[in-house]
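We did not get these values from a lab; they are worked out from the coordinates using the rules stated. Quick caveat, the model's predicted, so the values are computed rather than measured. Quick reminder, even Gly has a Cβ in these numbers, built from the backbone with ideal geometry, and neighbours come from all protein chains shown.
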Amino acid sequence: MQVLVVEDEQSLARLLELELTHCGFAVDAVAEGRSALNRLREKRFDCLLLDVMLPDMSGLEVCRRVRQTSDIGVIMLTARGQVPDKVAGLDVGADDYLVKPVNMEELAARVRSVVRRRNGPLAGGRTLLARDVTLFRDQHRIEVAGQAMLLSPLEYQLLEHLLLNRDWVQSRNRLLEQIWGFDYAGETNIVDVTVSRLRRKLHDSNSQLAIETVRGVGYVVRST
Ligand code: CA
């Protein structure tokens, strides 16, 4: 499991790194928000341990930006007494928070728990975001810029699958297997038909989200 520690207090960063490494995690550490965002673009991490007070930008802002494209587990590190920060952290999509001074035994348990939750039945996150579309997986509900969008169960599953596999082109066969099942015996153009219906609904909702056709291959939703 890969953890990215974002903490500008060097001694604490070192301590967190040592403790997590000791518990079997692979750890990278950076001291600034921008470096964190760059590192997250270069490499895949399972969990982000994010200090609220960073020299270049707030940890809350880092979390908000991360959440635009990623469902990584995020734990905020907050100074004792910064209760509003805790609440704000959860508002911008953090999964949990730890209060400084960090209890090292609690640290590894929290990291494991966040990663486990992210890899559970709702792996990829409870909420999927792309452009102006939000998919609330536990409620089977979709909003475009805050307005509900109604989809059939198959359209919903297709959109969920494309959002979970953002930037990863999905072939028609793969979509057939994943959404209609291996034993589906109907027309294979059912995928294209369902994509068209979904596109029309997105268009009618004035959504900026596009389902791109990759000729001869299939479909993809891009995160940027
Ligand atoms: Ca700090």
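Observations, loosely collected:
- Residue within segment 14-29 that is under 20 Å from Asn103 (Cα atoms), surrounded by fewer than 16 Cβ atoms within 10 Å (Cβ to Cβ) and within 15 Å of the ligand (Cβ to nearest atom) present: yes
- For segment 186-221, taking the residues that are acidic (Asp, Glu) and part of a helix (DSSP H, G or I), the one that is farthest from Arg131 (Cα to Cα) is identified as Asp192.
- Any pair with Cβ under 9 angstrom, 6 or more apart, that starts in segment 164-176 at a residue that is touching a residue at least 24 places away in the same chain (Cβ under 8 Å) and ends at one that is among the aromatic types (Phe, Trp, Tyr): Val169/Tyr219; Gln170/Tyr219; Ser171/Tyr219; Arg172/Tyr219; Leu175/Tyr219
- Taking (1) more than 11 Å from the ligand (Cβ to nearest atom); (2) more than 19 Å from Leu129 (Cα to Cα); (3) not hydroxyl-bearing (Ser, Thr, Tyr); (4) not in a helix (DSSP H, G or I) in turn, Asp8 satisfies each apart from (1).
Matching residues to (1) in a helix (DSSP H, G or I); (2) within 11 Å of the ligand (Cβ to nearest atom); (3) of a type in the set (Lys, Arg); (4) surrounded by fewer than 20 Cβ atoms within 10 Å (Cβ to Cβ):
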| residue | (1), (2), (3), (4) |
| --- | --- |
| Arg34 | yes, no, yes, yes |
| Asn38 | yes, no, no, yes |
| Arg44 | no, no, yes, yes |
| Leu49 | no, no, no, no |
| Met53 | no, yes, no, yes |
| Val66 | yes, no, no, no |
| Asp71 | no, no, no, no |
| Gly81 | no, no, no, yes |
| Gly89 | yes, no, no, no |
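- Subset of segment 206-224 (residues that are in contact (Cβ under 8 Å) with a residue 40 or more places away in the chain and in contact with a strand residue (DSSP E or B) (Cβ under 8 Å, 6 or more places away or on another chain)): Asn206, Ser207, Leu209, Ile211, Val214, Val217, Gly218, Tyr219, Val220, Val221, Arg222, Ser223
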